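Written below as structure tokens is the structure these notes are about.
The values are calculated or read from the model by the stated rules, or taken from the named source; none is laboratory data. Predicted model, so just to flag it, every value in this text is computed and none were measured. No Cβ is skipped: glycine too gets one built from the backbone with ideal geometry, and neighbour counts run over all protein chains shown.
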Amino acid sequence: MKRILYLVAIFSFLFTGAFAQSLSLSNYNITVWGNQWDEMGGSLTFMNTSSNSIDVMCERVNNDLAPGHSSYFCFNGECFDDNTSLSTVVHNLAAGASASGSFIHYCKPQGNLGHSNVSYCFYDNNNSADSVCITFSYSASAVGINEQNKDAFLSYPQPNPSDNYTTFSYSVQENPLDYSLVVYNILGTKVAEQQLTDNQGLIVLSTRDLNAGNYFYSLIYKDQVVSTSKLLVSHR
């Protein structure tokens, strides 16, 4: 069934003139770099370009993993383990509406070097042929250098879990005013944002007023996601 859905989705993509495609994707990085010990991932925005509301489903349709790697994803506030490929929830999207942060993808190298490719399809729950697919490539190396974004560095938060605050160190070569650190809750709602002011420095993020739970933070450059990872808030 998964293979059939994947082929249908590709067929629809190649012959867009024959099918009315209701979904489009934006704000994503296809290639994700990291070291072999750190979880890698990212997010994207999907938009309903039709004139009707649709119930969007998400399915992992190809899971070509390097030895020792595993993948999983979160969709509409629910996270699914590496054995689950089809979301058990739908995201109802009004006509012309878009959803940012509702879908987040991950690859866990678990100490293993290598390259993994994982494909996801988003489709109308009432019409699986109305779909759009994307493949993410994960590269786990010993040094974890992101060649594409080598001029933009954001550290992992310390401490994590966070109680009242957490800190990030950063370094960018481009205009720092074009960068911002954005924090989302599990539903994809933006809960905090800080614009960078210098080419390198320290960001102190207050988490005092955030509810305990899982959050995601992204380094944004000119509305494009450079990197995404997880932040846990746990109040004592």
If you scan segment 193-228, which residues turn out to be outside any strand (DSSP E or B), touching a Leu at 6+ places or on another chain (Cβ under 8 Å) and either assigned by TED's automatic domain parsing to the domain that holds Tyr106 or among the aliphatic types (A, V, I, L, M) (or both)?
Leu196
Name, by its number, the condition in (1) at pLDDT 95 or above; (2) in contact with a Ser or Thr (Cβ under 9 Å, 6 or more places away or on another chain); (3) not β-branched (Val, Ile, Thr) that does not hold for Ser43.
(1)
Could you check segment 159-193 and list, in sequence order, the residues that are at pLDDT 90 or above and closer than 16 Å to Lys222 by Cβ?
Asn175, Pro176, Leu177, Asp178, Tyr179, Ser180, Leu181, Val182, Glu193
Subset of segment 48-69 that is at pLDDT below 95 and in a strand (DSSP E or B) - its residue that is surrounded by the fewest Cβ atoms within 10 Å (Cβ to Cβ):
Asp64
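Counting only residues that are modelled with pLDDT under 95 and touching a strand residue (DSSP E or B) at 6+ places or on another chain (Cβ under 8 Å), give me the strands (runs of 3 or more DSSP E) lying completely in segment 70-144 with at least 1 of them. Before you say what the answer is, go through the steps one by one.
Numbers: elements: 70-75, 78-80, 91-93, 98-108, 114-124, 127-141.
The strands (runs of 3 or more DSSP E) meeting that bar are 70-75, 78-80, 98-108, 114-124, 127-141.
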Hey, any hits in segment 198-210 for a residue that's at pLDDT below 90, more than 21 Å from the chain's Cα centre (by Cα) and exposed (fewer than 13 other Cβ atoms within 10 Å of the Cβ)?
yes
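Out of Leu93, Leu86, report the one residue that is of a type in the set (A, V, I, L, M) and buried (at least 20 other Cβ atoms within 10 Å of the Cβ).
Details: Leu86 fails: buried (at least 20 other Cβ atoms within 10 Å of the Cβ).
After applying the criteria, what remains is Leu93.
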